[in-house]
Amino acid sequence: MKLTTLLFLTLFSMSVQAEGKLAFIDIKLILEKSPQAMAANAQLKEQFGAREQSFRKLVQEIQQMEKTYQTDSAIMSAAQKKKAEDNIIQMQRRVKFEQQSLKEDLKRKQVELSKEVQSALRNVIQAYGTENGYDFIFTDASVAFASEAVNITEEILKEMHK
């Protein structure tokens, strides 16, 4: 009997110690609505908008060259056909290079800005958790179910706006 009581008290005390103040956040919502994330997206648009537009113009040019070649090739001389084909191939190579270059530069900048946003978010969450006595704050990606009563997403967004 004493052993059963002692075991019960030990398990009860362990469960009390394991409990803590818990919360979760919707990380996707925060990354969509936080001013830091919106600023990062604006910076990407500003930095890469002109290059993207230039790339689209280049794609349109090559499409027009191919269309012109298809309609006019019947009346072109062999030398004109060869020159047009060479120009198209050269433009296709340029498009591939520009596409790859733009893609790599954009990805590198996205990663850089994402790290900055994540760092700011981590700092806000840690400060908020410490100030409000939370033991655990989970992201929605790691939680199978959580009551809206423990959802602190809006509070974290407010802190991100400060």
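Conditions first: (1) without any contact (Cβ under 8 Å) to a residue 60 or more places away in the chain; (2) within 19 Å of the chain's Cα centre (by Cα); (3) surrounded by 10 or more Cβ atoms within 10 Å (Cβ to Cβ). GLU46 passes all but one, so which condition is the exception?
(3)
Give the residues of segment 117-138 that are under 22 Å from the mean Cα position of the chain (by Cα) and surrounded by fewer than 14 Cβ atoms within 10 Å (Cβ to Cβ), sorted by residue number. Steps first, please.
Narrowing segment 117-138 to residues under 22 Å from the mean Cα position of the chain (by Cα): 117-126, 137-138.
If the condition is that a residue be under 22 Å from the mean Cα position of the chain (by Cα) and surrounded by fewer than 14 Cβ atoms within 10 Å (Cβ to Cβ), then SER119, ARG122, ASN123, GLN126 are the ones that fit.
Which residues, taken from segment 117-152, are of a type in the set (Ser, Thr, Tyr) and touching a helix residue (DSSP H, G or I) at 6+ places or on another chain (Cβ under 8 Å)? Before the answer, list the steps.
Start the filter on segment 117-152 by keeping residues that are of a type in the set (Ser, Thr, Tyr), which leaves 119, 128, 130, 134, 139, 142, 147.
Matches in segment 117-152: TYR128, TYR134, THR139.
Sort out which residues of segment 132-159 are out of contact with any strand residue (DSSP E or B) (no Cβ under 6 Å at 6 or more places or on another chain) and farther than 13 Å from ASP26 by Cβ, and write them in order of number.
ASN132, GLY133, ASP135, ALA144, PHE145, SER147, ALA149, LYS158, GLU159 - these are the residues of segment 132-159 that are out of contact with any strand residue (DSSP E or B) (no Cβ under 6 Å at 6 or more places or on another chain) and farther than 13 Å from ASP26 by Cβ.
Would you be able to say whether some residue in segment 91-112 is touching a residue at least 12 places away in the same chain (Cβ under 8 Å), assigned to a helix (DSSP H, G or I), more than 30 Å from SER73 (Cα to Cα) and in contact with a strand residue (DSSP E or B) (Cβ under 8 Å, 6 or more places away or on another chain)?
If we filter segment 91-112 for residues that are touching a residue at least 12 places away in the same chain (Cβ under 8 Å), which is where we start, we get 91-92, 94-95, 98-99, 102, 105-106, 109-110.
Of the ones still in play, those that are also assigned to a helix (DSSP H, G or I) are 91-92, 94-95, 98-99, 102, 105-106, 109-110.
Among the residues that remain, those that are also more than 30 Å from SER73 (Cα to Cα) are: 102, 105-106, 109-110.
Adding the requirement that they be in contact with a strand residue (DSSP E or B) (Cβ under 8 Å, 6 or more places away or on another chain) leaves none.
Scanning segment 91-112 turns up no residue that is touching a residue at least 12 places away in the same chain (Cβ under 8 Å), assigned to a helix (DSSP H, G or I), more than 30 Å from SER73 (Cα to Cα) and in contact with a strand residue (DSSP E or B) (Cβ under 8 Å, 6 or more places away or on another chain).
Could you give me the residue pairs with C-beta distances under 6 Å whose first residue belongs to segment 49-62 and is farther than 12 Å from GLN99 by Cα and touching a residue at least 24 places away in the same chain (Cβ under 8 Å), whose second residue is hydrophobic (A, V, I, L, M, F, W, C) and part of a helix (DSSP H, G or I) wherever it lies, and which are 6+ apart or on separate chains?
That search, which allows pairs on different chains as well, returns ILE62/MET91; ILE62/VAL95.
So ALA74 clears everything in (1) among the small types (Gly, Ala, Ser); (2) modelled with pLDDT of 95 or more; (3) exposed (fewer than 11 other Cβ atoms within 10 Å of the Cβ) except one condition, right? Which one?
The failed condition is (2).
ARG93 fails exactly one of the following numbered conditions: (1) surrounded by 12 or more Cβ atoms within 10 Å (Cβ to Cβ); (2) within 30 Å of LEU44 (Cβ to Cβ); (3) out of contact with any Leu (no Cβ under 7 Å at 6 or more places or on another chain). What is the number of that condition?
Here ARG93 clears every test but (1).
Considering only residues of segment 113-128 that are without any contact (Cβ under 8 Å) to a residue 40 or more places away in the chain and not charged (D, E, K, R), which is nearest to LYS28 (Cα to Cα)?
GLN118
The values are calculated or read from the model by the stated rules, or taken from the named source; none is laboratory data. The structure presented is a predicted model; accordingly, all values stated were derived computationally and were not measured. No Cβ is skipped: glycine too gets one built from the backbone with ideal geometry, and neighbour counts run over all protein chains shown.
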